[in-house]
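Input: a single structure, listed below in structure tokens.
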Amino acid sequence: GARFDRTVSLRADGLSPMITWGTTPAMSVGVDGSVPADGGDAAMRRSREYMGLAAGQPMRGLPVDVVFIGSCTNSRLSDLRQAAGIMRGRKVARGVRVLVVPGSEAVKRQAEHEGLDRAFVEAGAEWREPGCSMCIAMNGDRVGPGKYAVSTSNRNFEGRQGVGARTLLASPLTAAASAIAGRVEDPREFDIPGGGR
């Protein structure tokens, strides 16, 4: 019996998974979108130059060197289940390094109990101990200068994952799809065993 000033209905089925093109989480487009023009905005231009991208360049298909599925924000059990669903029965693209870092010891134990670790390892990913890892270029887990990483971490400022590293923030699903494809990929293109698309 509550009364509302306004009711808004949104259809989410038409939204694309998002990915960043710049050096802040706000600099993002749909994975099937293109790098925007800077329109005279110096920060956008600097970010685009740092990332080595051109205005109008499609994000989908951009070759990637490293995929990091981890961080305190995107390595919950539900995230790992989604990523494993994409990777199960597939192989990581040649030349792509993939690190999967659970969000906690409890998440790691449960993921191993469910066999998620085997899905990652059999695909060619590294199953790691919980911790910061590549999220902040810790313990030698770095992205090389000029290399592209699809990362599920929550920040992508210049040098976050290594000096000169170019970080594209994305969901665990998009990261896993990109690991398999060897390039930025739309996870909606993948049939997930037991889970549809």
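List of remarks:
- When region 1-36 is filtered for residues that are more than 21 Å from SER47 (Cα to Cα) and in contact with an Asp or Glu (Cβ under 6 Å, 6 or more places away or on another chain), only SER16 remains.
- Looking across region 53-71, the residues that are in contact (Cβ under 8 Å) with a residue 60 or more places away in the chain and either assigned to a loop (DSSP other than H, G, I, E, B) or open to solvent by less than 40 Å² (accessible area, probe 1.4 Å) (or both) come down to MET59, ARG60, GLY61, LEU62, VAL64, ASP65, VAL66, VAL67, PHE68, ILE69, GLY70, SER71.
- Selection from region 42-67 of residues that are of a type in the set (D, E, K, R) and within 14 Å of ALA149 (Cβ to Cβ): ASP65
Residues are listed down the side, and each one gets a yes or a no for (1) buried (at least 16 other Cβ atoms within 10 Å of the Cβ); (2) part of a loop (DSSP other than H, G, I, E, B); (3) modelled with pLDDT under 95; (4) touching a strand residue (DSSP E or B) at 6+ places or on another chain (Cβ under 7 Å):
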position	(1), (2), (3), (4)
ALA149	yes, no, no, yes
ARG160	yes, yes, yes, yes
THR167	yes, no, no, yes
ALA176	yes, no, no, yes
GLU185	yes, yes, no, no
ARG188	no, no, yes, no
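- Pick from region 1-21, criterion assigned to a loop (DSSP other than H, G, I, E, B) and in contact (Cβ under 8 Å) with a residue 60 or more places away in the chain, ranking: surrounded by the most Cβ atoms within 10 Å (Cβ to Cβ): TRP21
The values are calculated or read from the model by the stated rules, or taken from the named source; none is laboratory data. The structure presented is a predicted model; accordingly, all values stated were derived computationally and were not measured. All Cβ positions, glycine included, derive from the backbone under ideal geometry; neighbour counts span all protein chains shown. To get the accessible areas, we keep the full protein, side chains included, count just its heavy atoms, and leave off ligands, DNA and RNA. Shrake-Rupley method; radii C 1.70, N 1.55, O 1.52, S 1.80 Å.
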